[in-house]
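Asks: Have a look at the structure that comes next, please.
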Amino acid sequence: MHNKKTMKNISATWLLLLVIISSCHKKGSVIGIPAASDTIPVKTIAIEKKEINFPLVVSGQFKTDDETLLSFKTGGILNGMFVNEGDYVKKGQVLATLDLTEISAQVSQAELGMEKAKRDFLRVENLYKDSVATLEQYQNCKTAIDGAKATMNSARFNLEYSKIVSVTDGYILKKFVNVGQIVGAGIPIFQSNGAGKKTWKLRASLSDKEWSTIALNDEAEVSTEAFPGEVIKGVVLNKSKGTDPSTGTFFIEIEIKNPIHDLATGLFGKALITHKNKMSLWSVPYEALLEGNAGEGFVFITNDNKIAKKVRVSISSIGKNEIYVSNGLEKASYLVVSGSAYLTDGSLIKVLKN
């Protein structure tokens, strides 16, 4: 008897709850979540296109403006390297040499050819004075001397440049080969730079979109993890006119103004560039964007403050507190910034006062 009475009380309680729920919500609603047919309260802001000058962050490596690749004038066997990476060198210091056996033989051969040409010329000259040799023979011997002299000078020049000599005081940044290797003419052996006379630059790779927004003389704030917390002033000094063959990207060079610390070639750095070219964009709060992905997203707009419309937008850039949109809001009057999570395309809305 007691159990039956208890069961009746429980059933009555559940029936009362169901009545309360059904009376508080329309058909199809879930507690706390408006149904599609509800008029949903939202907040909006007026849409206005602005001329925006937002910064661009790029990254790259530090280099100097006097970096030089040193190589031999002629090819041969590398038989001497007298410096290592990081070594300080002075102007005129010999850095590397080739085996001179072959080039010395060429010089000797050219000098012997010169001696023979001189003897032939003297003999023909005397015969010409005695009217035994012809003018043509005399002129041919004179030409032979000139040719032999040019060959000898060329061989001596190649001998002189069969060693690498530092062209300035500086540092060896990189060594590309080792003793015993056969190297060709013009193949890089060392990379060097000047000491105390260099201008530091940050060379950064960019996409075509980023490249198009940057102009020469744009100001930059440069930093590197090697010196955390330090910011160096810079300016865009060079902007490529084509892609880098090794990376397939565009690049810029930022000249560093008065570096705080002694930098090193190859250090990674970042630059915050304030470019002068302004772009006409819409500024959209983060909370208004839905389903953002790969430069695109969706927002809700309204033109009559009664019906919400879902539109696709193109994202140009992401700022600190907002997103910059380049396309998609041309025919919009108001942007929904609150309540978007409950909306679908065509939802009825009620605009709340801010």
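All of the numbers you see were taken from the coordinates with simple rules; none came from a lab. Bear in mind the structure is a predicted one, so any value in this text is a computation, not a measurement. Virtual Cβ from ideal backbone geometry, glycine too; neighbours counted across all protein chains shown.
Asks: Check cross-link reach from residue 118 to the lysines: straight Cα distance under 23 Å, and skip same-chain residues fewer than eight apart.
Replies: 129, 142, 149
Asks: Assuming a ≥ b ≥ c are the square roots of the Cα gyration tensor eigenvalues, decide whether the range 123-164 counts as rounded (a/c under 1.5), prolate (otherwise, with a/b larger than b/c) or oblate. Intermediate values should be presented prior to the final figure.
Replies: Values: a/c = 8.62, a/b = 4.63, b/c = 1.86.
Taking the square roots of the gyration eigenvalues as a ≥ b ≥ c, the range 123-164 is prolate.
Asks: Moving to a separate point now. Do the alpha carbons of any pairs in 239/320; 233/276; 49/239 sit beyond 25 Å of each other, and which pairs? Write down the numbers at each step before the final one.
Replies: Numbers: 239/320 27 Å; 233/276 16 Å; 49/239 29 Å.
Listed pairs above 25 Å: 239/320; 49/239.
Asks: Restricting to Cα pairs below 8 Å that are 6+ residues apart, what does the relative contact order work out to for the chain? Please round to a whole percent.
Replies: Details: 678 pairs, mean separation 89.5, N = 354.
25 percent.
Asks: So which lysines can residue 91 reach, going by Cα to Cα under 19 Å and dropping same-chain residues fewer than 8 places off?
Replies: Cα-Cα hits under 19 Å: 73, 163, 174, 175, 197, 198.
Asks: If each Cα of the chain is one equal point scatterer, what is log10 of I(q)/I(0) from the Debye formula at q = 0.08, 0.09 Å⁻¹?
Replies: Per q value, in the given order, log10 I(q)/I(0) is -0.72, -0.79.
Asks: Another question, if that's okay. Kindly provide the trypsin sites (Lys or Arg not before Pro) of the range 62-169 that DSSP labels as loop, not H, G, I, E or B, and whose Cβ sees at most 12 other Cβ atoms within 10 Å.
Replies: Values: sites: 63, 73, 90, 91, 116, 118, 119, 123, 129, 142, 149, 156, 163; in loops: 73, 90, 91.
In loop regions of the range 62-169 (DSSP not H, G, I, E or B), the sparsely surrounded trypsin sites (Lys or Arg not before Pro) are 90, 91.
Asks: What ranking do 85, 210 get, fewest neighbouring Cβ atoms within 10 angstrom at the top?
Replies: Working: 85 11, 210 19.
Arranged by neighbour count, lowest to highest, 85, 210 become 85, 210.
Asks: For the charge dipole of the chain, defined by +1 on Lys and Arg C-beta atoms and -1 on Asp and Glu C-beta atoms about the Cα centroid, which residue among 259, 351, 44 has the Cα displaced farthest towards the positive pole?
Replies: Of the options given, the answer is 351.
Asks: Neighbouring Cβ atoms within 10 Å as the yardstick, rank 152, 279, 81 fewest first.
Replies: Details: 152 21, 279 15, 81 18.
Going from sparsest to densest Cβ surroundings: 279, 81, 152.
Asks: Another question, then. Which trypsin sites (Lys or Arg not before Pro) from the range 217-251 combine a DSSP loop assignment with at most 10 other Cβ atoms within 10 Å? Could you put the intermediate results ahead of the total?
Replies: Details: sites: 233, 239, 241; in loops: 241.
Taking the range 217-251 and a limit of 10 other Cβ atoms within 10 Å, the loop trypsin sites (Lys or Arg not before Pro) found are 241.
Asks: In addition: If a/c stays under 1.5 just call it rounded; otherwise compare a/b with b/c (prolate if a/b is bigger, oblate if not). Do that for the range 179-258, with a ≥ b ≥ c from the square roots of the Cα gyration tensor eigenvalues. Before the final figure, lay out the partial values.
Replies: Values: a/c = 2.41, a/b = 1.40, b/c = 1.72.
Here the range 179-258 falls in the oblate category.
Asks: Okay, moving on. Counting only other residues whose beta carbon sits under 15 Å from that of residue 332, what net charge do I get with K and R as +1, D and E as -1? Kindly include the intermediate steps, with their values, before the conclusion.
Replies: On the way: positive: 49, 50, 306, 309, 310, 312, 331; negative: 48, 304, 330, 345.
Taking every Cβ under 15 Å from that of residue 332, the sum is +3.
Asks: Report the Stokes-Einstein translational diffusion coefficient (µm² s⁻¹, integer) for the range 71-191, Rh taken as the Kirkwood radius over Cα pairs, at 25 °C with viscosity 0.890 mPa s.
Replies: Working: Rh = 16.8 Å.
The diffusion coefficient I find is 146 µm²/s.
Asks: Additional query: Excluding residue 305 itself, calculate the net charge of residues whose Cβ lies under 14 Å from the Cβ of residue 305, where each Lys or Arg counts +1 and each Asp or Glu counts -1. Intermediate values should be presented prior to the final figure.
Replies: Numbers: positive: 43, 306, 309, 350, 353; negative: 304.
Counting the neighbours of residue 305, the net charge comes to +4.
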